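The values are calculated or read from the model by the stated rules, or taken from the named source; none is laboratory data. Quantities reported herein were computed from a predicted structural model and do not represent experimental measurements. Note that each Cβ is placed from the backbone with ideal geometry, even for glycine, and that neighbours are counted across all protein chains shown.
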C-alpha cells in the first residue's frame, strides 16, 4: 500500500515573525523552520499503518522553496521511505487551489492508495488543502481524524472524525484522503540511525512541467500583512482574593459590560 | 445587477440553524448594503423545519434555497460539494459564506476546488474596498493579520464564530423558500456510528460566549471541578491549555491554542495559564480577557484586560460567589 503524506515547512511557533520590506511577505531572516505539527501526526500515522501491515511505502511530499528540503529530511529521519519536493519558482505565489492542484497531480502520478494531511499548517492556518485535493481527485475525505484503521485487504479505512459534540466513525473506500487532528498519535523522535539513514534516501525534485501543469495566477492572494492592533493596556486588580474577585466582577459588569 | 451573497446554513442536525448563522447572515446583509445584491441562505439538510426557515428570514435571508434530501445526512463533503457547486453554477452568487465549523471548513474547501475559486478560511473581518471584498485573517499563530483578496467571484469565505455582529432579528420578516432541483450524488463513504460526548451540560467550546480555561496552575485533573463549578454559574464552556492537555488532565478536544481550538468568546477567564504564544494563538481575539495567575510576570498579563495576581484556588471560588450574587439579582 502506497501512502503519500503531504507536509509543509513553517516557522516555529516560538519564532519572531516580522513583516518584510514587501508588505505581502514575512522577513525570513533568523526564522527557525519546522515541520508543521499536524503534519507530524500525519507522518507518524502513515508509518504506523505501514508497520502494522508489514509492507508498503511511505512517501513524504512538500511544495515549497529549496529550504523545505530540510522538512522532508526530518520526515525521512522519522522513517518515510522517500520524498518528493515540488520545487519550482512558478509556485512561489501558489495559493490553496494551485497547491492542491500540484499535490493532486503528484498523488495521481504516484497512484497512492491513501493521502494523509495535517489538519492545517500553522503558518497561514487555512486548513483547506486536504479537502481540496480530495475534491480534485474525486476521492472521499475525512478531516480532523482522531483514530483510524485500515482493513486487512487494504480496501477500506475506518476513521473517527472529530465534530462538534462528538466523534463520527466513517468507512471510506480507498483511495481516500484524511487529515490528522491532534490526539491521533504521539509522533516519534527520529533516532540517530534514522537521521543518518535519511541522508541516503531519495528526495526527488519535481517541476510544474513534470506534472503537466501550466503557470497560473492564484485565486486568492495577499494584499498586505499587518501587525495586530495593540490591545488597550490592562488593569491589575489589587486586594485579597475576596476583594479582588468583587472588584473584578464589578469591572466586568460596569466597565467592560462583558456580563 | 450584483449577484446574491449566499450563506451556507450550519444547523443542529435537527432542522434548526445554529446561532452562528445570525452572525454570518448579519455580516452578509451589512456587506450587501454596500455591494448590492440580496442576502440568501442555502440550506442542505435531510429535514428542515418551519421554525428554522422562519428563523433564517428573521435573521435577514431574503430567500432560502432549500435542498431537502435524505442523502444529505449525515454530512459528507463528497455529496455536499457537488450539490453546492451545481447551485452556484446555476445562480452565480457573488459570494458564498460559511461558518467555521468542522464540516463547513471542509465543504467550503471542496467547493472552492470544484469551482476553481478562492477560499479565505477562518476570516475575522470583511470589508469592501473599491467594490472588491477584502478578508482579514489571523496568521502565524495570530501574530500578524493577513488581508486577502480574490481574483474573481464567487468570493468564498468561512467566518469565525463570535466575531461578527449578529443580525438583530426582525420578527415577522419572512424569506421566500425555493426548492431548486439538485442532483444528490451517491456517497462513497458510510457512517458506522456517531459517538456523542458525555454531555457536561455546558456549551460547546468554539460557540460559547464565555470560556473559563485552566492551565498547569491547576496542579491536577481533579481541580478542574473548581472551574466547572464556576462555568455552571456563568453558562460558560471549560477549556484548557496545552500543558494541561499534554499532562492528560483534559481530553484534546478541550485544548485552546495553536494545536487545539481557536475561540473568540465575549469573555475569557484564564486560571493558572502562563500565556505561551501557542495558547494566545487560540484565544487572542476574545473580546475581554481576564487572567488569574500567581506569577505577576506571566505573559498572559500582557494581553489581559483585567488581571488578578493571586492563588486561583482562592480567587476562583470567590469569583464564583460574586458572579452568583450578580446573576441571581
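Got a number for residues in region B:264-277 being in a loop (DSSP other than H, G, I, E, B), surrounded by fewer than 24 Cβ atoms within 10 Å (Cβ to Cβ) and in contact with a strand residue (DSSP E or B) (Cβ under 9 Å, 6 or more places away or on another chain)? Count: 3. Looking across A:198, A:176, one residue alone is more than 10 Å from chain B (Cβ to nearest Cβ) and surrounded by 15 or more Cβ atoms within 10 Å (Cβ to Cβ). It is A:198. If only residues of region B:240-263 that are assigned to a loop (DSSP other than H, G, I, E, B) and either within 9 Å of another protein chain (Cβ to nearest Cβ) or closer than 24 Å to residue B:99 by Cα (or both) are counted, the one that is farthest from the chain's Cα centre (by Cα) is B:251. Of everything in region A:107-129 that is part of a helix (DSSP H, G or I) and surrounded by fewer than 22 Cβ atoms within 10 Å (Cβ to Cβ), the residue that is nearest to the other protein chains (Cβ to nearest Cβ) is A:108.
Among strands (runs of 3 or more DSSP E) entirely within region A:138-179, having at least 2 residues that are in contact (Cβ under 8 Å) with a residue 24 or more places away in the chain and in contact with a strand residue (DSSP E or B) (Cβ under 9 Å, 6 or more places away or on another chain) singles out A:141-150, A:166-173.
Listed conditions (1) within 26 Å of residue B:102 (Cα to Cα); (2) more than 20 Å from the chain's Cα centre (by Cα); (3) touching a residue at least 12 places away in the same chain (Cβ under 8 Å); (4) assigned to a strand (DSSP E or B) are all met by residue B:157, apart from (2). Residues that are in a helix (DSSP H, G or I), in contact (Cβ under 8 Å) with a residue 60 or more places away in the chain and closer than 18 Å to residue B:135 by Cα within region B:1-48 comprise B:23, B:24, B:25, B:26, B:27, B:28, B:29, B:30, B:31, B:34, B:35, listed in sequence order. Which members of region B:297-324 meet the condition of being more than 8 Å from every other protein chain (Cβ to nearest Cβ) and surrounded by fewer than 23 Cβ atoms within 10 Å (Cβ to Cβ)? B:297, B:298, B:299, B:313, B:317, B:320, B:324, listed by residue number. Hey, any hits in region B:160-183 for a residue that's away from chain A (no Cβ under 14 Å), more than 30 Å from residue B:68 (Cα to Cα) and touching a strand residue (DSSP E or B) at 6+ places or on another chain (Cβ under 9 Å)? No: region B:160-183 contains no residue that is away from chain A (no Cβ under 14 Å), more than 30 Å from residue B:68 (Cα to Cα) and touching a strand residue (DSSP E or B) at 6+ places or on another chain (Cβ under 9 Å). Of the strands (runs of 3 or more DSSP E) lying entirely inside region A:29-88, those containing at least 2 residues that are more than 13 Å from the chain's Cα centre (by Cα) are A:57-63, A:82-86. Taken together, the residues in region B:184-216 that are touching a helix residue (DSSP H, G or I) at 6+ places or on another chain (Cβ under 6 Å), more than 14 Å from chain A (Cβ to nearest Cβ) and either modelled with pLDDT under 95 or outside any loop (DSSP other than H, G, I, E, B) (or both) amount to 2.
Residues in region B:7-16 that are touching a helix residue (DSSP H, G or I) at 6+ places or on another chain (Cβ under 8 Å) and either surrounded by fewer than 16 Cβ atoms within 10 Å (Cβ to Cβ) or closer than 17 Å to residue B:166 by Cα (or both): B:7, B:8, B:9, B:10, B:11, B:16. Being in a strand (DSSP E or B) and within 9 Å of chain B (Cβ to nearest Cβ) is a property that residue A:204 lacks. Elements of the type strands (runs of 3 or more DSSP E) sitting completely within region B:92-148 and holding at least 1 residues that are under 22 Å from residue B:280 (Cβ atoms) and more than 7 Å from chain A (Cβ to nearest Cβ): these cover B:119-123, B:125-129, B:132-139. Is it fair to say residue B:172 is surrounded by fewer than 20 Cβ atoms within 10 Å (Cβ to Cβ), part of a loop (DSSP other than H, G, I, E, B) and at positive phi? Judged against the criteria, residue B:172 is a match. Whether any residue in region B:48-55 is within 22 Å of the chain's Cα centre (by Cα) and crowded, with 24+ Cβ neighbours inside 10 Å is what I want to check. Taking every residue of region B:48-55 in turn, none turns out to be within 22 Å of the chain's Cα centre (by Cα) and crowded, with 24+ Cβ neighbours inside 10 Å.
Of all residues in region A:216-239, those satisfying the criterion of being surrounded by fewer than 12 Cβ atoms within 10 Å (Cβ to Cβ) and in a loop (DSSP other than H, G, I, E, B) are A:217, A:229, A:230, A:232, A:233, A:238. Under 6 Å by Cβ, and 6 or more places apart or on different chains, what pairs join a residue from region A:231-259 that is more than 15 Å from residue B:327 (Cβ to Cβ) with one that is part of a loop (DSSP other than H, G, I, E, B)? Within 6 Å, the pairs are A:234/B:304; A:234/B:305; A:241/B:310; A:244/A:237; A:247/A:237. With respect to the conditions (1) surrounded by 12 or more Cβ atoms within 10 Å (Cβ to Cβ); (2) more than 8 Å from chain B (Cβ to nearest Cβ); (3) within 23 Å of the chain's Cα centre (by Cα), residue A:186 lacks only one, and its number is (1). Filtered by the rule that a residue be surrounded by 19 or more Cβ atoms within 10 Å (Cβ to Cβ), outside any strand (DSSP E or B) and at the interface with chain A (Cβ under 8 Å from one of its Cβ atoms), region B:278-296 gives B:278, B:281, B:284.
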